[in-house]
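We did not get these values from a lab; they are worked out from the coordinates using the rules stated. Not measured: the values here are computed from a predicted model. Here the Cβ positions follow ideal geometry from the backbone for every residue, glycine too, while neighbour counts run over all protein chains shown.
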Amino acid sequence: MIDAISMLGPVLTGIEQSALGTAVRMTPQLYPILESLHILGIGLLVGPAVAVDMRLLGLGGRSIPVSTALRHLLPLCYAGFALAGVSGLMMFSGIALAVGQSAAAPWKLGLILLGALNIAVFHRGIHRSVASWDRAPVPPRRARIAGAASALVWTGVIVAGRYLAYV
């Protein structure tokens, strides 16, 4: 069996040695600034997402129509995802080899992809009929499943991200 790290090692080393990777490592205070922006992005993504998830689960904001919650909170999620993504990629460029060797890396990436898939399935599926259940205190089962999956996945992304530094 071929070791994935030995195959990816040269690519990850190349990323670290790129102009961006070198700048991230060598510019004083840049990495902690990127970490701070990453945490802000995570907050902007996960905070509003969990609020939407709680509404979809029928556990909070029952008097607020789902469409209203989505209209007001999803733009924050998108901004947070963009900020977390850009800052995360920049941080990755500075320590690509270490991140690539972490057992948590495939979990974090896999969970992010699972979160994106859940969003796509929700919007192409049950969300299309939101007009018929928009004001229901407890949304349909498929909406509740999407909300539960979202809350679990984004929590898992945060946990896996923290584990990047330790495993």
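Quick notes on this structure:
- Applying 1/(1 + (r/R0)^6) with R0 = 25 Å to the Cβ-Cβ distance of Gln29 and Gln101 gives a FRET efficiency near 0.45.
- When peptides 125-134, 76-85 are sorted by average Cβ neighbour count within 10 Å, with the highest value leading, the order is 76-85, 125-134.
- Segment 145-167 residues near the modelled Leu8 label - backbone nitrogen below 16 Å, point 7 Å along Cα→Cβ: 160-167
- Cut-off under 5 Å, modelled amide H: who pairs with Gly60 long-range: Arg55
- For Tyr31, the shell of other residues with beta-carbons less than 15 Å away shows a net charge of -1, using +1 for Lys and Arg and -1 for Asp and Glu.
- By the combined test of axial Cα extent (at least 18 Å) and Kyte-Doolittle hydropathy (mean at least -0.5), the qualifying DSSP H helices of the chain come to 4-17, 30-57, 66-94, 105-124, 141-163.
- Extension gain, Leu59 back to Ser132 (0.36 nm per residue minus Cα-Cα distance, nm): 24.4 nm
- For segment 7-117, the Kirkwood radius over C-alpha pairs fed into Stokes-Einstein at 25 °C and 0.890 mPa s yields D = 157 µm² per second.
- Percent RCO, i.e. relative contact order, over the chain, from Cα pairs under 8 Å lying at least 6 residues apart: 33
- The listed peptides 99-111, 37-49, ordered by packing as a protection proxy, come out as 37-49, 99-111 (highest mean of other Cβ atoms within 10 Å first).
- Pairwise label distance in nanometres, Ala165 with Leu109, each label 7 Å out on the Cα-Cβ vector: 2.2
- Under Stokes-Einstein, with the Kirkwood radius over Cα pairs as Rh, the value for segment 71-167 at 20 °C and 1.002 mPa s is 142 µm²/s.
- Evaluating 6.51 cos²θ - 1.76 cosθ + 1.60 at θ = phi - 60° for every residue in segment 126-140, the Karplus couplings come out as 4, 4, 5, 9, 4, 4, 7, 9, 3, 9, 5, x, 10, x, x Hz, glycine and proline recorded as x.
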